[in-house]
Amino acid sequence: MPELPEAERARRVIEERALRRTIAAVDDSDTYVCRPHAPGQIAAALVGRRLESAHRRGKTLWAEVGGPVLGLHLGMAGRVVVDEGPAPHGWDRFALEFDDGGRLALRDKRRLGRAVLEPDLARLGPDAAEASRPDFRARVGRGAGPIKARLLDQSAIAGVGNLLADESLWRAGIDPRRPAGELSEPELDGLRRAVRAATRDAIRKGGVHTGALIVERLPAGRCPRCGAALATGKVGGRTTWWCPREQG
DNA sequence: AGCATTGTTTCACA
DNA sequence: TTGTGAAACAATGC
């Protein structure tokens, strides 16, 4: 369920366990996940190089290797594993093998993750957990679309996915259907605070599915604060849960 | 069987 | 120009 918190945990795994190791071989044979690269193309760019640093903005990860930049995206179901044996069913869609015998893999049942050279970061807004207050107001608090759709727009701010959006709006007490441009500055500041807190909590607890609202949703969820029956519907094209009493 | 799903991209359309 | 909704992508789970 990768959103910003899962991506950050993946970044830390790379940082803590894979840096300064030399790439001896690369499996880039899955041309769907490694799109648009031909088999062997990523390998040719990386073999012999050393992982130097691991970075993240929103849900996009990248690693410096002293040459071309290696970009990784977890997609809908991906995660990064280090020094684990190959997954069954070919779920390791991309892998680095180190000269010390270890390996780093993008493990992804659904194949919607990506491994690319020179990832395009230009289309991403500032990281959702780091956007300044003025930045957040200007980028998120505009437009006629629902505020939830705005939060999910990675070019506005990067990193918020479907579950983190619901959790943040619930914490801030804001109806996900309200037009983004109609939120007041105090509401936007409160939403920014909620996004940061929800993100921080999710990183610490292990992922977005640990959110207070998220764990209560199914089967007939009630608001963790007031006990009202949660409302559900489609907002911004995505299944959405909110408290009809507190999120006005 | 049919529906859902954590993400992204593209498209037709208003 | 903005925004929306749906479809596509792949694979799994209920």
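The values are calculated or read from the model by the stated rules, or taken from the named source; none is laboratory data. Computed from a predicted structure; not experimentally measured. Cβ atoms come from the backbone with ideal geometry, glycine included; neighbour counts cover every protein chain shown.
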Residue check for A:R50: buried (at least 16 other Cβ atoms within 10 Å of the Cβ), touching a Ser or Thr at 6+ places or on another chain (Cβ under 6 Å) and either modelled with pLDDT of 95 or more or under 16 Å from A:G102 (Cβ atoms) (or both): yes
Subset of the range A:214-245 (residues that are touching a residue at least 60 places away in the same chain (Cβ under 8 Å) and charged (D, E, K, R)): A:R238
Go through (1) in contact with a Ser or Thr (Cβ under 9 Å, 6 or more places away or on another chain); (2) of a type outside the set (S, T, N, Q); (3) more than 15 Å from DNA strand C (Cβ to nearest atom) and name the single condition A:D135 misses. (1)
Subset of the range A:129-162, residues more than 19 Å from A:R56 (Cβ to Cβ), within 14 Å of DNA strand B (Cβ to nearest atom) and in a loop (DSSP other than H, G, I, E, B), comes to A:G143, A:A144, A:G145
Go through the range A:120-144 and report how many residues are more than 15 Å from the chain's Cα centre (by Cα) and within 19 Å of A:E64 (Cβ to Cβ). 2
State whether one or more residues within the range A:92-104 are within 14 Å of DNA strand C (Cβ to nearest atom) and either without any contact (Cβ under 8 Å) to a residue 24 or more places away in the chain or in a loop (DSSP other than H, G, I, E, B) (or both). no
Picked from the range A:208-232 (must be away from DNA strand C (no atom under 16 Å from the Cβ) and part of a loop (DSSP other than H, G, I, E, B)), the residue nearest to A:L74 (Cα to Cα) is A:G211
Those residues that are more than 16 Å from DNA strand C (Cβ to nearest atom) and farther than 23 Å from A:E182 by Cα, I need them from the range A:105-126; list them, please. A:L117, A:E118, A:P119, A:D120, A:L121, A:A122, A:L124
For the range A:1-70, which fully contained strands (runs of 3 or more DSSP E) count at least 1 residues that are over 29 Å from A:H209 (Cα atoms)? A:23-27, A:60-64
Of all residues in the range A:163-190, which are within 16 Å of DNA strand B (Cβ to nearest atom) and either within 22 Å of the chain's Cα centre (by Cα) or in a helix (DSSP H, G or I) (or both)? A:L163, A:L164, A:A165, A:D166, A:E167, A:S168, A:L169, A:W170, A:P176
Only one of (1) aliphatic (A, V, I, L, M); (2) more than 14 Å from A:L151 (Cβ to Cβ); (3) within 16 Å of DNA strand C (Cβ to nearest atom); (4) under 20 Å from the mean Cα position of the chain (by Cα) fails for A:V235. Which number is that? (2)
So which residues in the range A:191-230 are basic (K, R), within 25 Å of the chain's Cα centre (by Cα), away from DNA strand B (no atom under 16 Å from the Cβ) and surrounded by fewer than 16 Cβ atoms within 10 Å (Cβ to Cβ), if there are any at all? A:R193, A:R200, A:R204
Just checking, how many residues over the range A:35-62 are over 17 Å from A:P2 (Cβ atoms) and not polar (S, T, N, Q)? 17
All-but-one check, A:G233 against (1) within 13 Å of DNA strand B (Cβ to nearest atom); (2) crowded, with 16+ Cβ neighbours inside 10 Å, failing number (2)
